[in-house]
Amino acid sequence: MCIIFVYNELKKVDKLVNITIVTVGKIKDKYLKMGIDEFDKRLKPYAKINLVEVADEKAPETLSEAEMENVKLKEAERILAKVSPDTHVIALAIEGKQKTSEELSASIESLMTYGKSKVCFIIGGSLGLHDSVYKRANELLSFSKMTFPHQLMKLILMEQVYRAFRIMKGEPYHK
């Protein structure tokens, strides 16, 4: 009986991590939405997933540097309003640290082990993130030196978080 109790308690630990993914703008393409929904469903046994979309700031195609900063600032205010003070923030940024899938898995596991039960990934809009978001972030993560559409990046991030949990648990998926 005690072994079953301990096993059940260990299974509950998995659910103690809350992963929030904050993105700027709504997903418009059906194929991206379907992929995101699929990984949201796959992640449910591993963690509580919260997908948050904040409105992108409407702006003309051509902007001055000052106007771009203003757009990013307004988006940053919306983003940061969704992040609680006790959350470990990982902002996606081209200048961030690149990690392998195994390293991302180890990072998430380490956060869970050392009591960081709230983890938030932030994906900026088409202009990127404002400096205030970078300052709030505990770390910057880069998936590549290339630029990806922020809507596609949400799908890629969710797949990698799912892969990270599968690696962590020693479950088949990662190759």
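The values are calculated or read from the model by the stated rules, or taken from the named source; none is laboratory data. Keep in mind that this is a model prediction, so the values were computed, not measured. Cβ atoms come from the backbone with ideal geometry, glycine included; neighbour counts cover every protein chain shown. Heads up: the accessible areas ignore ligands, DNA and RNA and are worked out on the full protein's heavy atoms, side chains in. Shrake-Rupley method; radii C 1.70, N 1.55, O 1.52, S 1.80 Å.
Some notes on this structure:
- Of note, residue 116 does not satisfy the criterion of being at pLDDT 95 or above, in a loop (DSSP other than H, G, I, E, B) and under 18 Å from residue 49 (Cβ atoms).
- Flag if residue 165 is hydrophobic (A, V, I, L, M, F, W, C), within 25 Å of residue 38 (Cα to Cα) and without any contact (Cβ under 8 Å) to a residue 60 or more places away in the chain: no
- One residue stands out among those in segment 24-49 that are open to solvent by 70 Å² or more (accessible area, probe 1.4 Å) and of a type outside the set (D, E, K, R): the one that is nearest to residue 169 (Cα to Cα), which is 45.
Each row is one residue, and each column tells you yes or no for (1) open to solvent by less than 60 Å² (accessible area, probe 1.4 Å); (2) modelled with pLDDT of 95 or more.
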{"site": "51", "(1), (2)": "yes, yes"}
{"site": "59", "(1), (2)": "yes, no"}
{"site": "62", "(1), (2)": "no, no"}
{"site": "80", "(1), (2)": "yes, yes"}
{"site": "94", "(1), (2)": "no, no"}
{"site": "108", "(1), (2)": "yes, yes"}
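- For segment 71-106, a tally of residues being of a type outside the set (Val, Ile, Thr) and outside any helix (DSSP H, G or I) returns 14.
- For segment 125-141, the criterion of being free of Cβ contacts under 8 Å to residues at least 60 places away in the same chain, in contact with a helix residue (DSSP H, G or I) (Cβ under 7 Å, 6 or more places away or on another chain) and among the charged types (D, E, K, R) is met by at least one residue.
- Of the residues making up segment 16-39, those that are touching a strand residue (DSSP E or B) at 6+ places or on another chain (Cβ under 9 Å), farther than 11 Å from residue 154 by Cα and not in a loop (DSSP other than H, G, I, E, B) are 18, 19, 20.
- Test: residue in segment 126-143 that is under 15 Å from the mean Cα position of the chain (by Cα), open to solvent by 20 Å² or more (accessible area, probe 1.4 Å), farther than 14 Å from residue 21 by Cα and among the polar types (S, T, N, Q): yes
- Applying a threshold of 6 Å to beta carbon distances and a minimum spacing of six or more residues, or different chains, the list of pairs starting in segment 147-158 at a residue that is touching a residue at least 12 places away in the same chain (Cβ under 8 Å) and ending at one that is in a loop (DSSP other than H, G, I, E, B) and among the β-branched types (Val, Ile, Thr) reads 151/27.
- Only residues that are open to solvent by 70 Å² or more (accessible area, probe 1.4 Å) and in contact with a strand residue (DSSP E or B) (Cβ under 7 Å, 6 or more places away or on another chain) were counted across segment 96-106, and they come to 2.
- Filter pass, residue 85 being closer than 14 Å to residue 127 by Cα and either of a type in the set (Lys, Arg) or open to solvent by 40 Å² or more (accessible area, probe 1.4 Å) (or both): no
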